[in-house]
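Comments concern the structure below.
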Amino acid sequence: MRPNGESLETSDPGPPLWEQAAAIFVVIILTQAFIGPVFAPTQEETPILRLIWLPVYAIIAGLIAMRPSVLVRAWPAWLILAVLVLQAFASKWWSIDPGVTQRRVIAMAISSAFSIYLGVAFGGRHLPRMLMISALIMGLGSLVFVFAFPSIGVHQLENAGLWRGLWYEKNQMGLVMSAGAVAAAACLASGDPRRLMPAIALAVCALLVLATQSKTSLLCLMLGVGAVAGLWAMKRGGAAFSIVAIWFGVVLTAGAAYVFITDPAMVLKALGKDPSLTGRTDIWEALMREVAERPWTGFGYQAFWGKDSVPAAFIRAETQWPVPSAHNGWIDLLIQLGWPGAITVGITVAIATVVSVLRIPGSGAREGYFAIGYLLVFLLLSLSESVLLSHANLPWTLLLAILARALAFEPDPIRAPLATGRRRAYQTAPRIAAHSAHVRVQRPFPVR
């Protein structure tokens, strides 16, 4: 609380509306909504896409330039980002496609800098609220495309009939909407009196996740929203309820882990997945053989899956499928940067997780437990999608934003009110109180 009784969250209105609108625009572009399917339907890099990104980079540079004094407080996050960027850029010298590596590293550095800006400029509940509004805009836009332009909004060949909204394919919409659902749940749990829009956003995001029929996205939604709801219930229920809830959570997690380790095929079949995870295990086995050839360097940042890549052609020939990625963030890191890259990113994710857990009682509660809920979603996504150290990807952007806000050094907002004048500064209170209400209280003499 501030000295005048006003809460810090209430007194902090967040960035101005124009800055929020600019940030929302960049977030939507980072998800590759609408622009990719319309201007690059084959998912190949085209000159027009590069031109579209130039004004986006200019907006990011302008937003960062507006808040230098705020961004400098997140210097630990800047140091971590510098290590990641330098490591990725160094891979240019042994990359199988140096041109692609150099362009993608620059793009990754700019989008990651925007992540740090998000983390420190949108403090408290403002980050999940901004993300919730972004998800609501994209969700409503997806519904428009599904019903008004089904040739774009609905899969026509593979996964025919399933919704993909503004994106290339349904899994992209699923992961964006699951992150939006967690943000909407965090807005509801943060104590913000504006509840109608988060409730609508949560319903829209849940509907679109169900429409994708993506088991991974559904699990992400349940895990993230469930974590936010569970932490909110523990805070409301008190110490006894929290202890019981933690005990049940540990038991259920241990039981689920035991069942999955002892009989993973049964668990996968119960989730509607075949034991090969729709052929992904074959991809992983083939990729690990490629990793063994370059365990310490990899094939270069974002260079392995190029159209003319020879090692990727071997993978596609072996699996009999035009594999676009490893469908596993950690294996994709190994194939790009080797074990040093995977270890560095792993340490980054671990730091973000630890500091977010430590923030739960204070800042975590004020933001509606968004960081914890989203980190669970991110960790699950990293096992099935290539979301780690991406050059244009919402999941990685939000992870760095959470890391930056957790590591930023915030000034203490609590200050004792200063005396308004010299006489009040040196004035002492009376030491003997009046014994009767009718006794006149003498004004104390100032001490000179």
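The values are calculated or read from the model by the stated rules, or taken from the named source; none is laboratory data. Treat the numbers as computed from the prediction; the structure is a model and nothing was measured. When we count neighbours, we look across all protein chains shown, and the Cβ atoms used for this are built from the backbone with ideal geometry, even at glycine. Remember, those area values only see protein heavy atoms, side chains included, never the ligands or the DNA or RNA. Shrake-Rupley method; radii C 1.70, N 1.55, O 1.52, S 1.80 Å.
Evaluation of Ala58 against the conditions (1) open to solvent by 50 Å² or more (accessible area, probe 1.4 Å); (2) at pLDDT 90 or above; (3) within 25 Å of Ala179 (Cα to Cα) shows that the sole unmet condition is (3).
One line per residue, one yes/no per condition, for (1) modelled with pLDDT under 90; (2) closer than 16 Å to Ser112 by Cα; (3) surrounded by fewer than 22 Cβ atoms within 10 Å (Cβ to Cβ):
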| position | (1), (2), (3) |
| --- | --- |
| Ala371 | no, no, no |
| Leu376 | no, no, yes |
| Leu403 | no, yes, no |
| Arg422 | yes, no, yes |
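Table: residues versus (1) in a loop (DSSP other than H, G, I, E, B); (2) acidic (Asp, Glu); (3) under 17 Å from Asn171 (Cβ atoms).
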residue	(1), (2), (3)
Gly364	no, no, no
Ile372	no, no, no
Leu381	no, no, yes
Ser384	yes, no, yes
Leu388	yes, no, yes
Thr397	no, no, no
Ile402	no, no, no
Ala406	no, no, no
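Whenever a residue of region 14-30 is more than 14 Å from Val56 (Cα to Cα), its partners that are surrounded by fewer than 20 Cβ atoms within 10 Å (Cβ to Cβ) and modelled with pLDDT under 90, lying with C-beta atoms within less than 8 angstrom and at least six residues away or across chains, give the pairs Gly14/Gly124; Gln20/Gly14.
May I ask you to say which residue of Asp274, Asp282 is open to solvent by 50 Å² or more (accessible area, probe 1.4 Å), modelled with pLDDT under 90 and under 14 Å from Val323 (Cβ atoms)? Even if it seems obvious, please write down each step before you answer.
Numbers: Asp274 fails: under 14 Å from Val323 (Cβ atoms).
Residue meeting the stated conditions: Asp282.
Of the residues that make up region 348-358, is at least one under 18 Å from Leu221 (Cα atoms), modelled with pLDDT of 85 or more and under 13 Å from the mean Cα position of the chain (by Cα)? No: region 348-358 contains no residue that is under 18 Å from Leu221 (Cα atoms), modelled with pLDDT of 85 or more and under 13 Å from the mean Cα position of the chain (by Cα).
Going by the conditions given, is Ile96 at pLDDT below 95, more than 20 Å from Phe25 (Cα to Cα) and surrounded by fewer than 22 Cβ atoms within 10 Å (Cβ to Cβ)? Yes: the conditions hold for Ile96.
Does Val70 satisfy being modelled with pLDDT of 75 or more and open to solvent by less than 30 Å² (accessible area, probe 1.4 Å)? The answer is yes for Val70.
Do we have any residue at all in region 132-141 that's over 25 Å from Ala189 (Cβ atoms) and either touching a residue at least 24 places away in the same chain (Cβ under 8 Å) or more than 21 Å from the chain's Cα centre (by Cα) (or both)? Explain how you work it out, then say what you get.
First, the residues of region 132-141 that are over 25 Å from Ala189 (Cβ atoms): 141.
This time we only want the ones that are either touching a residue at least 24 places away in the same chain (Cβ under 8 Å) or more than 21 Å from the chain's Cα centre (by Cα) (or both), so: 141.
Yes, there is a match, as at least one residue in region 132-141 is over 25 Å from Ala189 (Cβ atoms) and either touching a residue at least 24 places away in the same chain (Cβ under 8 Å) or more than 21 Å from the chain's Cα centre (by Cα) (or both).
For region 159-213, which positions are more than 14 Å from Ala33 (Cα to Cα), open to solvent by 10 Å² or more (accessible area, probe 1.4 Å) and in contact with a Lys or Arg (Cβ under 9 Å, 6 or more places away or on another chain)? Answer for region 159-213, where residues must be more than 14 Å from Ala33 (Cα to Cα), open to solvent by 10 Å² or more (accessible area, probe 1.4 Å) and in contact with a Lys or Arg (Cβ under 9 Å, 6 or more places away or on another chain): Asn159, Leu162, Leu188, Ala189, Ser190, Gly191, Arg194, Met197, Ala211, Gln213. Six or more apart or on different chains, Cβ under 8 Å: which pairs go from a residue in region 368-380 that's among the hydroxyl-bearing types (Ser, Thr, Tyr) to one that's open to solvent by 10 Å² or more (accessible area, probe 1.4 Å) and in a helix (DSSP H, G or I)? Could you list them? Qualifying pairs under 8 Å: Tyr369/Ala189; Tyr369/Ala227; Tyr369/Leu231; Tyr369/Trp232; Tyr369/Ile360. In region 308-352, what residues are open to solvent by less than 60 Å² (accessible area, probe 1.4 Å), among the polar types (S, T, N, Q) and outside any helix (DSSP H, G or I)? Those that are open to solvent by less than 60 Å² (accessible area, probe 1.4 Å), among the polar types (S, T, N, Q) and outside any helix (DSSP H, G or I): Ser309, Ser325, Asn328.
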